[in-house]
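Here is the structure we will look at.
Derivation of every value follows stated rules applied to the coordinates shown; laboratory data play no part. All values reported here derive from a predicted model rather than from experimental measurement. FYI the Cβ positions are ideal-geometry reconstructions off the backbone, even for glycines, and counts take in every protein chain you see.
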Amino acid sequence: MRRRGIPRPTGTGSGTSEENPASSPPTLDNKSNIGHGKGPLRGGRVSEQPGSATWLSRLVSIPSVNPAHAGPRSGAGGEAAISAAVAGWAEELGAEWVRTHGETERRNVYAFFPGRSRRLLALDVHFDTVGVEQMTEDPFSGAISGGRVWGRGAVDAKPMLAAALAMLEQFAADGIRPERDFLLVGTIAEESGGFRGAELFAEWVRENSLPLSELLIAEPTAGAPVFGHQGGVGVEFVIEGRTAHSSRPEVGANAIDAAADIVTAIRTEHGRLRQATAGALLGPASVSTVEISGGGVRNMVPGKCSVFATRRLTDHETMQQAADELIAIARAASPLPFTTTVGRGGNPFLTSADDPLVRRLAELSGRKPGVSSLGTNAFRYEGLAAHTAVFGPGSPDQAHAPQEWCEIGELEKARAVLTEYLLTPVEDSPQ
C-alpha cells in the first residue's frame, strides 16, 4: 500500500500556520453547484458552460483586491474571503490536508492531494488582484458571455486556480488519483506588498523540508510555458535643499530643480540601457521615473523633493548592481545631497527552454516556450524546486485593463494541460 503522501506539515514559518478553520466555508451543495457544467450558479441561473468557466466565474465574484489598490468599488478588499473559500472547497474536493498561513487575516492556502509517486508538483496562484476603480463594467460580475469570463482577476491570475479546481472536482467524481502528488497553493500580496505571500510559502516549504519536484507559477502567458522574465528594483531619492522666499530663489537651494536634473539623467540612462542590452534574451533593460513629489507652497522655494525610479533588469544583472549604478548616476547629476531607499524587488528569473517541465508543458500546450515581460512570484522562489515555470491562459494584455476577460477555450485548454501533466506516469515524464 502506498504511503499517505507528504507528511502533514507542522512548521509555522514567520507567520502562523493552522488547519483550515471551520468558518462555514462555501460548499458544493445544490445551492452552489460549481461542477462540470450544469447546475444552479449565482442566483439560480443554470450554467451550460464547461467546469473551468463556472469555477472562474465564482472566483471572480469574490473580491480580492490588494489593500494597496483598494478604492470605493473594491468591496471587502483583501484576500481573506477568497482564502477561506478556496480552503473550504479544497477540503470538500478531497484534500488530504489543508493549511492556511499568514501573519494577519490575509492568508496563504496550501492544499495537498496525494498521487501515486513521490514527485510533487506545486501550483502557485496569487489570490490578490489590482484595483477596479477604472473598470468599465461590474468588476466582480464573473459574467460568462461571448465565449469569455469577465471581471477583475479573470485573467490575472484566477484562471489556473479555476482550472485546478475543475480538474480536482473531476478527479474526485471519477475516483482518480494523479500520478504525482499535487500541492495547490494560493498566495497573498503579489500585486503589492513585496511578494510577501511568496516569501511565506518559500519559508514554509523550507521549514517543512517539502521536496518540490516542480513548481508552476500561474500568470497569463497566452498558454505558453515561460522560462524567464526580467527582474526589477526601485530606488527612491529624497533630495534635501533649502527653503527661501520665491522672490529670492538664489538664497535657497531648489530641491525640485535638483530632482529635475536626476530625472533627466535617468531618461538618458534609459536610452543607453536600451541600446546596450538590445540583444538580451529577456529583452532590453530599462529605467523610468514613476513618481515625483515636492513643493506644495507656491511662494516658497522647495526644500525637499522625492523621486522614485524603477529599473528593469535583464540577463546577468542583479538588483544590487543596478541600484548602485542608478544611485551613482543620480549623484553625478544632482547639485544637492540626497538620501536613498532601495525597494524590495527581485533578480531576473531564468531557467531554460530545455528544462524538463518547460518542455513537457510545451508538448502538451502546443505552444513554443518563451520569456515574459511580467514580474511574478518567481522572484522569491530561487532554488525552491528542481524545476520551475510560469504558465497560464489568457493574454497579458488583458491584465490590469479596464475590461478584463479570459477566453473559455483557453481556460479549458489550460485545464487539459494540467490534468494530462498530473496523469502522465512519472517514468514517462522527461527528466
- line: The simple spin-label model distance between residue 298 and residue 340, using points 7 Å out along Cα→Cβ, in nm, is 3.6 nm
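With r as the distance between the Cβ atoms of residue 76 and residue 331 and R0 = 51 Å, compute the FRET efficiency 1/(1 + (r/R0)^6) and round to 0.05.
Numbers: r = 45 Å, r/R0 = 0.89.
After rounding, the FRET efficiency stands at 0.65.
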- request: Towards the positive end of the charge dipole of the range 231-342, with charges on Cβ (+1 Lys, Arg; -1 Asp, Glu), say which of 340, 246, 323 has the farthest Cα.
  value: 246
- request: Determine the gain in length on full extension of the stretch residue 243-residue 416; use 0.36 nm per residue of separation and subtract their C-alpha separation, reporting nm with one decimal.
  value: 55.9 nm
message: Please compute the contact order of the chain in relative form: average sequence separation of alpha-carbon pairs under 8 Å and at least six residues apart, divided by the residue count, as a percent.
response: 20 percent
field: Theoretical ellipticity at 222 nm over the chain - DSSP helices of four or more residues, -39500 (n - 2.57) apiece, nearest 500
entry: -8500 deg cm²/dmol
query: In nm, to one decimal, how far is the modelled label at residue 207 from the one at residue 251, with both set 7 Å along Cα→Cβ?
result: 5.9 nm
Dipole of the range 231-342, positive direction: furthest Cα of 233, 280, 258, with charges on the beta-carbon: 258
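Within the chain, how many lysine pairs that are 8 or more places apart, or on different chains, have C-alpha atoms less than 25 Å apart?
Working: 31/158; 38/158; 38/413; 158/368; 158/413; 368/413.
Count of close lysine pairs: 6.
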- prompt: What FRET efficiency would be calculated for the residue pair residue 275, residue 133, taking the C-beta separation as r and a Förster radius of 41 Å, to the nearest 0.05?
  reply: 0.65
query: Along the Cα-to-Cβ line of residue 18, 7 Å from the Cα, sits a label point; which residues in the range 105-126 have backbone N less than 20 Å from it?
result: 105-112
query: So what's the gap between the Cα centers of the range 374-431 and the range 135-204, to the nearest angstrom?
result: 10 Å
statement: Comparing 83, 288, 74 in a Gaussian network model of the chain (Cα, 10 Å), the one with the largest mean-square fluctuation is 288
query: Using the 10 angstrom Cβ neighbour count as an exposure proxy, how do 310, 318 rank, fewest first?
result: 318, 310
field: Label point distance in nm, residue 400-residue 177, each placed 7 Å from Cα along Cα→Cβ
entry: 4.5 nm
field: Two-decimal log10 I(q)/I(0) for the range 105-250, as the Debye equation yields it once each C-alpha is a single scatterer, q = 0.09, 0.16 Å⁻¹
entry: -0.42, -1.04
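Sort 90-97, 385-392 by packing, meaning the average of other beta carbons within 10 Å per residue, with the highest value first. Working shown, then result.
Details: 90-97: 18.8, 385-392: 24.8.
Per-residue Cβ counts within 10 Å, averaged per peptide and sorted highest first, yield 385-392, 90-97.
Quick check: convex hull over the Cα atoms of the chain, volume per residue in Å³, rounded to an integer? Before the final figure, lay out each step's value.
Working: hull volume 66.0 nm³, N = 431.
With only Cα atoms used, the chain gives 153 Å³ per residue.
Please report the antiparallel percentage of the DSSP beta bridges confined to the chain, to the nearest 5. Please list the in-between numbers first.
Details: 51 of 71 bridges.
Roughly 70 percent of the beta bridges in the chain run antiparallel, per DSSP.
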message: As I understand it, the value is the acute angle between the Cα axis of helix 319-333 and the longest principal axis of the Cα atoms of the chain; what does it come to in degrees, rounded to 10?
response: 20 degrees
